[in-house]
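The values are calculated or read from the model by the stated rules, or taken from the named source; none is laboratory data. Quick caveat, the model's predicted, so the values are computed rather than measured. Ideal geometry is used to build each Cβ from the backbone, glycine not excepted, and the neighbour counts take in all protein chains shown. Please note that ligands, DNA and RNA were not included when accessible areas were found on the heavy atoms of the full protein model with its side chains. Shrake-Rupley method; radii C 1.70, N 1.55, O 1.52, S 1.80 Å.
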There are 2 protein chains.
Amino acid sequence: MIVATCLNPALDVTYSVAALQPGTSHRVRTVRRRPGGKGVNVASVLTQQAVPALVTGTVGGRIGDELIVGLDTAGIAHRFSPIAGTTRQTVTITSEDEATVLNEPGPIVTDSEWEAFTAVFAGLLDDAEIVTLSGSLPGGVRSSAYAELIGIAHQHDAVVILDCEGESLVEALHAGPDIVKINEHEAASSTGIETDSTKGVFAAAEELHVLGAVEVVITRGAAGVAARTRDGRFVGTAARTVNGNPTGAGDAFTAGLAASTAEGADWPTRLRRASAWAAAAVAMPTAGELDLQVATDHENRTTIEEIPK
Amino acid sequence: MIVATCLNPALDVTYSVAALQPGTSHRVRTVRRRPGGKGVNVASVLTQQAVPALVTGTVGGRIGDELIVGLDTAGIAHRFSPIAGTTRQTVTITSEDEATVLNEPGPIVTDSEWEAFTAVFAGLLDDAEIVTLSGSLPGGVRSSAYAELIGIAHQHDAVVILDCEGESLVEALHAGPDIVKINEHEAASSTGIETDSTKGVFAAAEELHVLGAVEVVITRGAAGVAARTRDGRFVGTAARTVNGNPTGAGDAFTAGLAASTAEGADWPTRLRRASAWAAAAVAMPTAGELDLQVATDHENRTTIEEIPK
């Protein structure tokens with residue numbers, strides 16, 4: 001089983017309007033409310049692809065209740081730990097040509113709530129081969145939170161895929177995450193190395209490896225993917241660009257990486273699968289869903305090349 | 001007691017951001033969630049001014065639950081009738097110099113839910129001298145809804161103050177509302193008479209009277225107020241302009257009008273009180289609250305002039 005971790009989930013509220021005009025009043029045409037957050041998106045994609053998965057994290061308040069009902073409705077397995085604070089909502093305002101996002105800061109998780117969560121988390125790992133850790137940390141939690149979870153996962157022989165940035169990434173590297181999966185901008189900001197070339201991307205990957213990441217995968221949007229692995233260095237290039245909504249593409253990548261890693265696939269296969277799922281997510285209007293035709297097409301036509309040292 | 005009616009209440013969510021830039025992501029600095037809707041604002045102002053009042057209407061779902069808890073927290077008496085749909089939320093995005101509002105369409109109220117509400121409404125009127133009817137109708141309700149409520153109120157000898165526009169106003173006029181209180185733009189759009197002069201405003205008021213309104217009060221923002229009453233025609237002019245947030249000023253005006261009407265005050269006193277409360281609402285950042293010093297100052301310095309026929 002794959003355990004997707006979402007410490008700071010959100011209820012994603014999407015409003016469609018004719019056009020967003022700051023300083024005016026708008027009649028919202030349609031309202032959509034669904035569970036969100038990076039770890040929720042990972043579990044959603046895995047569930048859609050019939051890969052056994054479960055999402056865990058912390059939820060609270062009426063919005064947390066609604067998020068749980070939404071997961072049940074979508075058939076996504078979950079095991080969240082309760083908190084006294086209220087789960088955040090995000091509001092996305094969509095019009096014909098753009099999306100405007102408002103991210104609430106989210107609740108504070110207390111020390112005792114964090115301890116209760118880690119007990120829930122540890123209890124899930126007996127059946128888990130892979131753990132994904134995605135996204136920002138909630139308020140009140142130490143920046144070493146992911147390092148702590150990586151330690152617990154390793155005690156249970158689970159492989160950790162980590163997707164975060166900033167201080168929480170730097171601290172997590174000390175705990176030796178198995179795979180760090182970030183995008184080129186996050187790689188640049190966490191290492192101080194420019195990632196606008198393949199050479200730069202691999203230099204950043206090497207730096208992240210030296211700092212503690214066993215293997216490093218850096219996504220580059222339409223430019224593909226680069227991986228520094230124990231089996232060598234790889235570059236993946238998509239056959240064609242998909243237009244659409246990039247929200248959740250990184251989470252679909254993580255899901256594809258987790259699913260193929262759980263299967264014991266080799267690195268070229270894993271990068272092809274992950275890239276294909278990311279492209280298939282871009283083709284869908286909603287994060288956490290894949291266009292299966294795009295996925296198959298991309299998996300067949302993505303080129304993976306090994307780069308000699 | 002004053003019964004404030006709010007058929008389409010909302011949970012008002014306010015986000016403060018540095019600046020709203022369409023097409024980008026924003027970190028929300030602060031989140032405020034509070035009960036809203038015009039009738040809720042009326043009851044809130046009355047409660048703050050220690051005038052016995054209660055708000056009624058329809059609520060449903062988790063957002064409805066949160067709205068009720070918010071009313072309890074604010075000490076605002078309420079008696080809502082339940083519906084299966086979910087109460088809407090409004091999202092207001094504030095930055096230094098502007099407010100951008102997103103109004104959800106709100107739930108559908110079924111025929112049987114409407115009947116259940118009218119029974120609740122009728123049950124409240126034995127103790128009510130004044131009923132305020134404010135704002136838009138929820139989906140599913142006939143445009144004659146306010147006409148029906150006016151009929152019920154009159155059976156119980158309650159005085160009705162009506163603040164709505166469009167089709168629901170036109171239909172409501174047939175039922176003979178005691179006081180129609182609208183702004184000059186609403187007066188213009190419902191009568192087709194231009195209201196950019198005092199003469200035009202009184203012509204629109206006369207038309208609304210002919211169509212069924214016993215007395216008509218038309219607010220004109222900073223330009224004051226005009227009233228066509230059984231005691232004569234009056235114009236009110238504020239001594240000075242208040243800068244601030246005009247949201248909820250009309251509801252504070254309705255509250256002042258209801259409170260002074262309940263006291264049996266004469267029209268000049270009622271218009272002074274209502275204008276003062278509206279100005280005092282502008283001075284506060286949040287709808288449903290008054291700046292008491294501004295209220296007192298304005299009540300003392302607002303001039304009411306009788307206009308001969």
- [ ] Sort out which residues of the stretch A:46-61 are away from every other protein chain (no Cβ under 14 Å) and within 25 Å of A:V109 (Cα to Cα), and write them in order of number.
- [x] A:A53, A:L54, A:V55, A:T56, A:G57, A:T58
Task: Residue among A:G64, A:G85 that is modelled with pLDDT of 95 or more, crowded, with 17+ Cβ neighbours inside 10 Å, within 14 Å of chain B (Cβ to nearest Cβ) and not in a loop (DSSP other than H, G, I, E, B) - done: A:G64
Task: Residue list for the stretch B:203-246, restricted to those being within 14 Å of B:W277 (Cβ to Cβ) and of a type in the set (S, T, N, Q) - done: B:T219
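Where residues in the stretch B:120-175 are of a type in the set (D, E) and over 14 Å from the mean Cα position of the chain (by Cα), which of them is nearest to B:Q89 (Cα to Cα)?
Of the residues in the stretch B:120-175, the ones of a type in the set (D, E) are B:126-127, B:129, B:148, B:157, B:163, B:165, B:167, B:171.
Filter again for over 14 Å from the mean Cα position of the chain (by Cα), leaving B:126-127, B:129, B:148, B:157, B:167, B:171.
Working: B:D126: 32, B:D127: 31, B:E129: 31, B:E148: 27, B:D157: 34, B:E167: 24, B:E171: 27 Å.
Ranking the candidates gives B:E167 first.
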Open item on the list: Where the second residue is among the acidic types (D, E) and open to solvent by less than 20 Å² (accessible area, probe 1.4 Å) and the first is under 18 Å from A:V214 (Cβ atoms) and lies in the stretch A:267-278, which pairs have Cβ atoms under 9 Å and are six or more apart or on separate chains?
Closed with: A:W267/A:E215
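Can you go through B:G200, B:G244 and tell me which one is surrounded by fewer than 19 Cβ atoms within 10 Å (Cβ to Cβ) and at positive phi? Spell out how you get there, then give the answer.
Details: B:G200 fails: at positive phi.
Criteria check complete, one pass: B:G244.
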Open item on the list: Looking at the stretch A:262-278, can you tell me whether even one residue there is farther than 23 Å from A:E206 by Cα and aromatic (F, W, Y)?
Closed with: yes
Open item on the list: If B:L211 meets every condition in (1) crowded, with 20+ Cβ neighbours inside 10 Å; (2) in contact (Cβ under 8 Å) with a residue 40 or more places away in the chain; (3) on the phi < 0 side of the Ramachandran plot apart from one, which number is that one?
Closed with: (1)
- [ ] Please specify each residue of the stretch B:95-137 satisfying the condition of being within 14 Å of another protein chain (Cβ to nearest Cβ), farther than 20 Å from B:L67 by Cβ and open to solvent by 40 Å² or more (accessible area, probe 1.4 Å).
- [x] B:E96, B:D97, B:E98, B:A99
Open item on the list: A:G70 - would you say it is within 12 Å of chain B (Cβ to nearest Cβ), at pLDDT 95 or above and surrounded by fewer than 21 Cβ atoms within 10 Å (Cβ to Cβ)?
Closed with: yes
Task: Unmet requirement for A:F80, which otherwise passes all of (1) at pLDDT 95 or above; (2) within 14 Å of chain B (Cβ to nearest Cβ); (3) under 14 Å from A:N8 (Cα atoms); (4) surrounded by 19 or more Cβ atoms within 10 Å (Cβ to Cβ) - done: (2)
Task: Residues being closer than 14 Å to A:D12 by Cα and of a type in the set (S, T, Y) - total across the stretch A:48-69 - done: 0
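Quick one: would you say A:T269 is of a type in the set (S, T, Y), open to solvent by 80 Å² or more (accessible area, probe 1.4 Å) and more than 18 Å from the chain's Cα centre (by Cα)?
Numbers: of a type in the set (S, T, Y): yes; open to solvent by 80 Å² or more (accessible area, probe 1.4 Å): no; more than 18 Å from the chain's Cα centre (by Cα): yes.
In short, no.
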